[in-house]
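As structure tokens, the structure follows; a few thoughts come after it.
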Amino acid sequence: ATAAQIAQYNIRIVRQPDHNVAVVTRSPTGFQISYVAQRASSDQGYYGPDSFQYEVCDFEEGCVNATIFLDVQLIAPQIISVRGYDPDNLDAEFGAGDVLDITFSEATNEPGGANELSKSVVDSIFQLPTAFATSASYVGAWVTPSLFRITFSGCNTCRCLSCVPRIQLNDVPFGIAYIFRPAYATDRVTVRASANLRNAARRSQVSTSVSPPFVGDWGRARPEVVTISVDSKSASQSPSEASRVLPKGTKILVTFNMPVNFDACDPASSDVLNSIFQLNPVTINGVTFGSLGSLVGQWQSPLTSCDPLDLTQFGIIERNRRTTSSGYSATQLLVVIVDSSGQTITSTADLQNVLNINQGFSNGVINNYLVSAQTNLTTVVVGNRTLTIAQGSITRGPTLA
């Protein structure tokens with residue numbers, strides 16, 4: 001029809017639907033009749049048969065009526081969250097016993113409390129991110145008709161479950177280890193159409209829902225210090241250093257039991273070092289411990305090689321350090337004494353108290369690599385606000401290596 005012909009006609013709704021709304025829109029190329037329905041689920045909105053009537057009139061006011069019959073279908077159950085957690089919180093890394101809870105917007109047509117389902121059955125219901133499907137062993141079960149739980153029994157690509165750290169991050173695919181970080185927000189869980197998942201009454205459409213981004217963590221354990229080792233082989237032999245317990249150039253390696261929230265090969269900033277180490281004499285339980293002197297530090301991991309710290313400005317000759325992050329979360333902190341003139345400790349035994357790791361955690365400086373440690377919460381007052389901060393390790397002075 002031409003624009004002139006269209007202008008000679010008129011269309012209007014003469015009987016609205018019983019449950020929703022019909023509207024007519026007009027453009028230069030024609031008319032469009034739309035049925036506008038609220039999204040219907042088992043809990044809200046109308047679903048089922050409906051109808052409305054419209055009328056078409058020409059320029060001579062000759063009119064005809066027609067009725068449109070339609071059926072409003074229920075939307076399928078939707079995934080509203082995928083949350084990871086570790087029931088025992090004994091670590092903060094992916095491993096056996098960790099759980100993914102997939103929660104739906106309403107009850108599905110699956111019975112709750114059903115038997116355990118094998119990995120192949122779980123994979124027939126859900127399309128998981130590739131890293132999980134190819135790297136992890138798991139089983140699943142419908143805890144309730146709206147909650148499906150995946151429990152991981154192991155990581156097929158993890159090299160060592162008994163290592164310290166217990167699971168190295170190069171052995172757990174980044175797509176699993178960091179799934180809760182924004183960089184992996186595109187990784188989702190999808191319901192397969194072949195699973196025929198519907199609402200409890202089986203009247204909805206088949207679900208092909210795509211989940212929102214993952215939330216949660218792989219555990220909320222706090223990092224602990226497992227060893228503090230001292231290496232003075234490269235320390236200065238000058239007469240001025242002879243009286244120092246830890247001469248200039250001495251290296252102190254602090255090893256944690258899990259990856260922490262710093263990248264390997266990055267420098268350890270002064271505020272971190274000040275939070276971890278007592279750089280000035282401190283009195284603990286009535287005993288005063290001395291300071292180490294001036295320090296520089298670098299985060300490290302046995303999984304990657306970092307170029308040594310640049311210590312030339314301190315008169316310690318080594319190659320320049322790497323200037324960019326390695327991409328691995330650190331499990332160690334290397335500290336080098338670059339000026340011992342202010343050092344007052346009298347023996348290496350004092351390190352067990354000078355390396356006051358607890359202070360660093362309670363200041364919120366060091367956490368596990370997902371920054372999820374929340375045990376032993378401490379309340380502090382800042383201005384007129386009361387804040388809750390995570391307190392980490394209570395380690396003070398493990399056996400020196």
List the strands (runs of 3 or more DSSP E) inside the stretch 264-377, counting only whole elements, that have at least 3 residues being open to solvent by less than 40 Å² (accessible area, probe 1.4 Å) and modelled with pLDDT of 70 or more.
294-300, 332-339
Return the pair list, or none, for Cβ contacts closer than 7 Å from residues in the stretch 224-253 that are within 29 Å of Tyr369 (Cβ to Cβ) to residues that are open to solvent by less than 60 Å² (accessible area, probe 1.4 Å) and basic (Lys, Arg), at least 6 apart or on different chains.
Asp231/Lys251
Could you tell me how many of the residues in the stretch 72-86 are more than 16 Å from Ala107 (Cα to Cα), modelled with pLDDT of 80 or more and surrounded by fewer than 16 Cβ atoms within 10 Å (Cβ to Cβ)?
1
Checking His19 against (1) surrounded by 12 or more Cβ atoms within 10 Å (Cβ to Cβ); (2) touching a strand residue (DSSP E or B) at 6+ places or on another chain (Cβ under 6 Å); (3) part of a strand (DSSP E or B), which test does it fail?
(3)
Kindly indicate the residue of the stretch 115-137 that is more than 18 Å from Gly154 (Cβ to Cβ) and open to solvent by 40 Å² or more (accessible area, probe 1.4 Å) and also farthest from the chain's Cα centre (by Cα) among those meeting that condition.
Asn115
Between residues in the stretch 26-38 that are farther than 20 Å from Gln53 by Cβ and residues that are surrounded by fewer than 13 Cβ atoms within 10 Å (Cβ to Cβ), which pairs lie under 9 Å by C-beta distance while being six or more apart or on different chains?
Pro28/Ala3; Thr29/Ala1; Thr29/Ala3; Gln38/Gln44
Count - residues of the stretch 113-149 that are assigned to a strand (DSSP E or B) and touching a helix residue (DSSP H, G or I) at 6+ places or on another chain (Cβ under 6 Å):
2
Those residues of the stretch 168-177 which are surrounded by fewer than 19 Cβ atoms within 10 Å (Cβ to Cβ) and at pLDDT 75 or above amount to Phe174, Gly175
Of the conditions (1) in contact with a Lys or Arg (Cβ under 8 Å, 6 or more places away or on another chain); (2) surrounded by 15 or more Cβ atoms within 10 Å (Cβ to Cβ); (3) on the phi < 0 side of the Ramachandran plot; (4) at pLDDT 80 or above, Gly216 fails just one. Which one is it?
(3)
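The values are calculated or read from the model by the stated rules, or taken from the named source; none is laboratory data. Note that the structure is a prediction, hence the values are computed from the model and not measured. Every residue, glycine among them, receives a Cβ derived from its backbone with ideal geometry; neighbour counts consider all protein chains shown. We work out accessible area using only protein heavy atoms, side chains counted, and drop any ligands, DNA or RNA first. Shrake-Rupley method; radii C 1.70, N 1.55, O 1.52, S 1.80 Å.
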